[in-house]
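Single-structure report; data block below.
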Amino acid sequence: MKKINAVKHTSDLESKKVIRPWGTYQCITQAERYQVKKIVVNEGEQLSLQMHHHRAEHWIVVQGTAKVTCGHKVFLLTENQSTYIPIGENHRLENPGQIPLEMIEVQSGSYLGEDDIVRFDDIYGRVNNIKSVASANEQ
């Protein structure tokens, strides 16, 4: 019975699609120091300019075009291209294209909670630096 309960630990997280103003994300798998998500950014939308204190991210474009801000660099990624976002680096993801942007995001670090997001700019008016359930659920 212990083995069955141990296997169940990520099943509730997996395949739950979370809706955001810019699109959706879905946890594919999660462990203690990593998490894998599928991210879909709708045409013309963007995530906040943000950073994380405890996690790095690897982004792999599966479909569409991504406009990436990482520190002072701004560049485009297309299908089968990827980039690395170091811990503590300001970053933003945008979809400048005419089709949904689909990506796989691999997060790694000592803490992977949604409340490890510091926002510097957000077109959807989401506030930052308030550690509450509401802000923790806004990516």
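The values are calculated or read from the model by the stated rules, or taken from the named source; none is laboratory data. Since the model is a prediction, treat every value here as computed from it, not as a measurement. With ideal geometry, Cβ positions are generated from the backbone for all residues, glycine too; neighbour counts draw on all protein chains shown.
A compact table of results
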quantity	calculated
Pick from region 19-35, criterion in contact (Cβ under 8 Å) with a residue 24 or more places away in the chain, part of a strand (DSSP E or B) and not aromatic (Phe, Trp, Tyr), ranking: nearest to GLN46 (Cα to Cα)	GLY23
Test: residue in region 47-62 that is within 15 Å of VAL106 (Cβ to Cβ), at pLDDT 95 or above and in contact with a His (Cβ under 8 Å, 6 or more places away or on another chain)	yes
Residues of region 97-121 satisfying the condition of being closer than 13 Å to GLY44 by Cβ and loosely packed, with under 15 Cβ neighbours inside 10 Å	GLN98, ILE99
